[in-house]
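The next block holds one structure in the form of C-alpha cells; read it before the comments.
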Amino acid sequence: MESNYFVCTLGEADECTHKPHYQNVNQLLDEQFQKNPDLPAIGFYTVSKTITAEYEELGYEVLTFKQVQQGVLLTAELLKDNITANPKQAVGLLCASSPRFLFTWLACIRLDHPVLLIAPECSAAGIAQLCEDCGVKVLITDDKNAELGQDASNQRANGEKVGLSIVTMPFSEAEVSEIVRRETKSFLVSPIVASKETAYFHHTSGTSSGSPKPIPQSHHGAVGVLPVFDGESMATFTTTPLYHGGPADIFRAWTSNALIWLFPSHKLPITPGNICRCLATSSAAAKTQRLPPICYFATVPYILQMMSAQMSAEKTAVASMQRMSLVSVGGAALSRKVGDVLVREGVKLVSRFGSAECGFLLSSHRDYLRDREWQYLRPPDNSNKLKFEKREEGLYELVVLAGWPHMAKSNREDGSYATSDLFEPHPRLKNAWRYHSRADAQISLVTGKKFDPAPIEDAVVAATSLLAHTLVFGNDKPYPGMLLFRSEGAAEMSDQEIMEVLAPIVHRIGVEGQAHTRISNDMLIPLPFSRTALEKSSKGTILRGRAQKRYAREIESAYDKIGDCGSRSCPDEELPNVITRIVLSSKPDLDAEKLHPTTELYSFGIDSIASIKIRKQLQQLLPEDAQHVSFSVVEDCGCVAHLVDHIRALREGVDQSDTASAEDNHKMMLDLVAKYSNFAEHTSQAFKPETVNNPVGQMDEVVVLTGATGFLGSYVLDLLRSNLGVKHIYCLVRGATSTAAYERVHESLQSRQLSGLEDSKNISVLQARLGDEDLGLDAESLDKIRHEATIVLHLAWSVNFRLKLPSFENDIAGVRNLINLCATSSRTEKPKFVFCSSVASALNHTWLVVPETILDDPSSATSIGYSQSKWVAEQVCSKAAATTLQGRITILRVGQLSGNCWNGVWNMKEAWPLMLSTVKLTGSLPELKGEMLDWLPVDIAAAAVVQSGMCSEVENTLEVFHVMNEDTRVLWQDVLDWLQKRLCVPLEIVTPQHWVKQLENARDAGSQHPALQLLEHWKNSYQDYNGVYVDRRRFSMERTGWVLPMLNWVQPVDLRYFHAIWTWIDSYSQDVIDLSFENKRKS
C-alpha cells in the first residue's frame, strides 16, 4: 500500500531515500520561505461574531510560507524587548489555540527560546509547577488567560513565590491579517540551534500523577525525522489544538509542502455542524482560489463519535468524511461500534498511534476497499525498530527499540523504551495488532472514579505480617473491595482473627485517601494460605488480569452477599437486630452506640454507596417471590425501625406505597419549626475589648461560608476570594479530618475548572458539623469567628430528593445553630445571615404569583422532603428575624441552577443533567409538553448570593429574594429539537411513562446508571402525566430586581449555551453511563 505524508510513521520515514535538509524549526521556515514562498501553508477560519442560535457565514484566510515567515519575524521583533529570559531559557505560552498562538510560538523559537505550550484547562498550581520544572520565568498570555497566568505567578513552589514575568501578546486577533502582510524592518538571523536542543514542551494532563508533567520535544523530533513527500495537491484539516498535537500536524504538512487548515476552536464550539461548515468553506476556497482540496481529516475519537451520531439525522457529516482520502483518529481509543459504522458508510478510516516519548509509531493504513479492519495497526514487515513482547493472557507489550528515529527517553538499559501499551494480535491477519489496554491500568469504578490500587495494596501489606499479598478489585463496580492473601505465619488464623487485625489498618489507610478508594469491612475477603495464590511477572508485579479471572467467583460473591448479616430464614423478631447489623456493616467508621431504632440514617452517615450495600442485604431477607425492595428504600424509610416495618410488610405481601397523609407531613413541619426556633441571646465574652461596629458593605468583610464544596458554593467562594471588599473567608466543611475538609474544597473547585486553594491566603477551611450546637468547632475557632464575622452565607444542604423530611433535621438544626452564631457575636452590629432556600419551598403556593415574603402555610412546599425542609428553615429564619436578628436576615429562594455561562459545567447530581444523560442508557428522552426552561447559570446565581450578603441597601425587616431566570420562552421541546436537528444526537422522543419504564428495565438488567437514583421520583412525578400542560407558579421579582440587578439581564437558554452544557454532560458521562449495564449485557 503506497504511503503518504499523512500516514507515514517515523520508522517508515527513516527508510525513505529523500531526507530533509533542515535539522531545526527555524531552518524549516527559512527553507520554505526561500524555496516555496508562494505556496499556501496554513488556513484559518474567520468568525465575525460569537455564534448564536442562528448560523452565519464563515470567512477564511490562507497564508503562504512567505507570509508565515513575515508574521513570525515581526512577532519576534515585537516580543524580543519584552522577554527578559536569556537565550536557550524556556518561556511559557498560555493562550487559546489561534493564529496568535501560532505566531507567538514560532517567534519565541526564532528568538532561541524553547516554548512550554500550556493548555488553558490547567490549574494555576499546575501551570506554576510546569514552569518550575522547565525553568520558565516569563509567561506569555492572551487577554483571556492573563488572570490565570497571574494566579500561577502567585503560587508557591519550594516555599517561595513562583514570581513569573507576565507578558501580554503584542497584537490582537484582529491585527493578525495586518501582521503577516507588513514588511519587517530587520531580518532576525536564525540562531544557532543544535537538533538535539528542545524546541518546545508539551505536558501530560496529570490524571495519574496528580500534576501535569512536561514532555520535551527536540528540534530533531519536531521536524528532523518527518517524511518528505509531494503534498502540494493534498491539504489536511485538523481539529487538534495547538497546545496539544497541533504542532505535529502542522510540521507534518509543511515538510511535504502541504496546506493545513486549523479548526477555529477559539471562536466556535467543535460540533458536527461547525466542522461541516468549515469543510464547506475550505471547499469553496479551493474552487475559487485554486487551492489544494482537503484530502486528509485528522481528529480524535470524541469528534468522530459526534460525527457518527449525526448520520441518523442527516448525511452531511458522513458525506464530508466520505469525500476525504483518509480520516484519521488518534489520541485515544475509538469505540469499535463507531468505527465500524463509519467504515460501513465508506469512510476510509485509519488509526494513528504514537506517544509523546517516541512520536508517530504505527498506523492502520491498508487497502481500504478490501480490508475493513481499521482497528488493527500494521507495522512494516521488515521493521527492526519495533517489537511486540509477549505478556500474560495472550497480550503483547509494544517496545520501541534503540535506533528508532526519535526517542525522548528510554526506560531500559539497552536504550529501548517499553511503552506499557498492550496489544492483541489479529486472529488471522499477520502482523496486525489491536490496542487493548495499559499494563499499568487503574481501577475504574462504575461511578467514573478511577484510582491506582497499588499504593493501597502495598500500604496494607507493609502494615502487617499477617498478609503475603493483597488484591484490590472493583472494575465496573460501584465500590472497591480487597482480597486478603494470608502469609504462611497466619495460615492457621481464623477469618475473624485476621479481620480483627486488618479492619483497623484498612480503615486508617482509607481515611488518608480519597473517599471512593475506601474499602469497608464487608468488602475485605480473607483467603486461605497458598504458596501459589498470586502469580507475578518477572518484574515482581501482580498479574492483575489473571488474578481477577482466577478469583472471579470470590469477587462476585463479595458483591452478591455483602455482609451476610441475615437470610430469608431470619425470624421476624430478629429483624431489628439483623437490620441494625446490616446498617453498621455498610461503612467502616460508624459508631454503633449512636445508632438507635429511630436514628435518622442519612445524618448518621449512610451515604449512597452504603445505601446500595444495605439494599442488597435487605433483599436477602425476603422470599424469592417477594416484591423487590425499591432502589430508594433506605432513603424512603430513613431509620432502622421503619426498615424493619418495611421488610416485615414485604414478607407478608403488603403494598408498601407511601401512606403518610399530607396532614401528617404538615404537622411534622410545624413541629420542627417550633423545635428549632429557640435562639441564643447571650453574647460571647471571649473578645470583650474589641466590640466595634463594622457595617456590612465595607472593605474588610469577614465571611462565613457553608456549602463551599457544593455546586453553587464553589462559585460563591471563587467570587469571594477575588472580591477586594472581603478580608477573609471561613469555610465550614464536613470532613473526617481538617486535611480532608481542605481537600474537599480544593477538589470541588478544580472539578468545576476553577483554581484550587493553593496560595489562597484569605481562605480558612475549618472542619465542622453544622448540626452540633457548637458547629463542631473548637472553642477558640468558634469565639474567633463570633468576634470577626460580618456575613454568614449558608448554602450547605442535603440535596437528595429521595429523602423524607426527618432526614433533613440535621440541616434544619444547622440553620438554628448558625443563627445563634450571629446572635452571640461580640460585634455591636450582628453579622448578616443569608440563607439559600429553594423555590421548591413555595411551588405549591395557592397564588399563581409567589410573593417575596414568608409563606406561613406548610402546603406551599411540594411534597418531597427536600422542599419541606426548606420551608421549615425559612420559618426558623422568620422567627429569628422577628426576635434575635431583626433586619439582619435575608432568604434567597434559588431556582433551577444550570451550567456556568462559559463552558456549561453543571452538577451531575441534579435532575436535568441526569435526565439528559439517560440518552446513553435508553436512547430516548421524555416529551414534556409545555415544560419551560427557567435555567439560571450558576455563576450568575453566585454573583447574586455575594451581592445579597454585601448589599447594605436592605429593609430593616426580613428580606426574601427570588434568585431565578424569569425568561421562560424556551421550552423542553426546543432542547429536544436542538439535540435531534442541530447537535444530531440520535434519540427517540417518548411519553414520560414509557421513558420511566425503560429506566426500570435498565435497572432490572443490572444497570448502576446514576440517574436511577431518581427513578422513584420520576415515577411518582409522571405516573399520572396526561400531556396537558399545567401552568406553573410564577415568582415575583420586583424587589429582587432592584437589589440584585444582575438577575434582570439573564438571557433565555439558547443553542450556544445548551451546546456547552451538552458537551459537558456527554464528556462527563462518557466513562460512566453504560458501564455496568453494558457489562451485564455482555455477560
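Since every read-out is calculated from the coordinates, none of them should be taken as a lab result. It should be emphasised that the depicted structure is a prediction, and the values quoted were computed from it without experimental measurement. Using ideal geometry, Cβ is built from the backbone for each residue, glycine included, and neighbour counts are taken over all protein chains shown.
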For K385, the aspartates and glutamates lying under 15 Å Cα to Cα, once residues fewer than eight places off in the same chain are dropped, come out as E12, D14, E15, E357, E397, D414
So the angle from the long Cα axis of helix 124-134 to the longest Cα principal axis of the chain, reported in degrees to the nearest 10, equals 40
Toy charge model, Lys and Arg Cβ at +1, Asp and Glu Cβ at -1: region 572-659 dipole around Cα centroid in debye, rounded to 20, equals 320
Projecting the Cα atoms of T64, S677, S48 onto the charge dipole of the chain, where Lys and Arg contribute +1 and Asp and Glu -1 at Cβ, the residue farthest towards the positive end is T64
For the chain, the longest principal axis of the Cα atoms and the Cα long axis of helix 865-882 enclose an angle in degrees, to the nearest 10, of 70
Computed curve, region 212-363, Cα-only Debye sum without solvent term, log₁₀ I(q)/I(0) at 0.15, 0.16 Å⁻¹, is -0.81, -0.92
Distribution output for region 690-894: share of Cα-Cα pairs per 5 Å bin in percent, first bin at 0, values 1, 7, 15, 19, 20, 17, 11, 6, 2, 0, 0
Per the charge dipole of the chain (beta-carbon charges, Lys/Arg positive, Asp/Glu negative, Cα centre), the residue among G725, S630, G923 reaching farthest to the positive end is G923
The pairs in K66/K267; K727/K784; K667/K879; K196/K387; K477/K613; K88/K137 lying past 21 Å Cα-Cα in this model are K66/K267; K196/K387
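Compute, for region 690-894, the length of the dipole vector about the Cα centre, with Cβ point charges of +1 (Lys, Arg) and -1 (Asp, Glu) only. Units Debye, rounded to 20. Numbers along the way, then the final one.
On the way: 19 positive and 22 negative charges, 73 e Å.
For region 690-894, the charge dipole is close to 360 debye.
Under a point-charge model restricted to the Cβ atoms of Lys and Arg (+1) and Asp and Glu (-1), what is the dipole moment magnitude of the chain relative to its Cα centre, in debye to the nearest 20? Provide the component values of the computation, followed by the final result.
Working: 106 positive and 129 negative charges, 530 e Å.
Roughly 2540 debye, rounded to the nearest 20.
Average projected area of the Cα convex hull of the chain, in nm²? Before the final figure, lay out each step's value.
Working: hull surface 182.4 nm².
Its average projected convex-hull area is 45.6 nm².
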For the chain, longest principal axis from Cα atoms; helix 608-619 axis from its Cα atoms; angle between them, nearest 10 degrees, is 60
Looks like region 1-151, by Cα gyration tensor root eigenvalues a ≥ b ≥ c and the a/c under 1.5 rounded cutoff (else prolate when a/b is bigger than b/c, oblate otherwise), is oblate
Ranking F711, T168, P216 by how far each Cα lies towards the positive end of the charge dipole of the chain (+1 on Lys and Arg Cβ, -1 on Asp and Glu Cβ), the top one is P216
